[in-house]
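Since every read-out is calculated from the coordinates, none of them should be taken as a lab result. Because the structure is a prediction, the values reported are computed rather than measured. Please note: Cβ atoms are built from the backbone with ideal geometry, for glycine as well, and neighbour counts cover all protein chains shown.
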Amino acid sequence: AQTVTQSQPEMSVQEAETVTLSCTYDTSESDYYLFWYKQPPSRQMILVIRQEAYKQQNATENRFSVNFQKAAKSFSLKISDSQLGDAAMYFCAYRSAKNNNAGNMLTFGGGTRLMVKP
Amino acid sequence: NAGVTQTPKFRVLKTGQSMTLLCAQDMNHEYMYWYRQDPGMGLRLIHYSVGEGTTAKGEVPDGYNVSRLKKQNFLLGLESAAPSQTSVYFCASSRTRDRGPTGELFFGEGSRLTVL
């Protein structure tokens, strides 16, 4: 079974600065997806960024980028120019890409609470 | 564009009572999931379904039952609620791999359940 670990329960960053959230995972598969989801106080789960394991290029979405190290099984999220609206819980998640009709569910890490200081 | 809708959004139960959470999706997704979220533990999978009429156990299925009688609906039932089932419950849905997936799950807004 796959596991996802987020070793930082809480992080804080000054507005306009850069912060990196860590995520490691354990899997024996070679084909999978990795995600970062944001959960603001509204509880809504919002997809921030995704990475397909077969792509070597790191994904970027505006101020959000990842550092995907497949051999190290590491998937960190970098938020540049942090804004007050970035304050939220962030979850790292893994999903198998196998076509085995076994549900392909997401496995989540425990989350990192990000605080943004004005 | 409703996406994934959960009802109710909030519920308070007494120990031993039963209830059903309803999840409805309008994206014609084959796969549906129920997760629970607890502090420090992320989201854990309770049950899932890979199609109408099918269900399977996830990581934490004890004390819950599910049904998927229609493709668009996935029901989560608590037959005899316990305080340990106090949590926020999320429903999600996704396409299957052979439909050109992005791999993404689409989530409902969550349902907060308190068992006294």
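The mean number of Cβ atoms from other chains found within 10 Å of a Cβ in peptide A:109-117 is 2, as a whole number.
Annotation: the antiparallel percentage among DSSP beta bridges lying fully within the protein assembly as shown is about 90. The value obtained for segment A:34-84, namely the Cα convex hull volume divided by the number of residues, is 82 Å³ per residue. Report the local net charge at B:Glu52: Lys and Arg +1, Asp and Glu -1, summed over other residues whose C-beta lies under 11 Å from its C-beta. Neighbour charge sum, excluding B:Glu52 itself: +2. By the rule of a C-alpha distance below 22 Å, with chain neighbours fewer than 8 residues away ignored, the lysines paired with A:Lys38 are A:Lys73, A:Lys78, A:Lys117, B:Lys9. Which aspartates and glutamates, on any chain, are close to A:Lys70 with Cα under 19 Å apart, when same-chain ones fewer than 8 places away are left out? Result set, ordered by chain and number: A:Asp26, A:Glu29, A:Asp31, A:Glu52. Within 10 Å of each Cβ in A:28-35, how many Cβ atoms from other chains are there, averaged over the peptide? Mean shielding count: 1.
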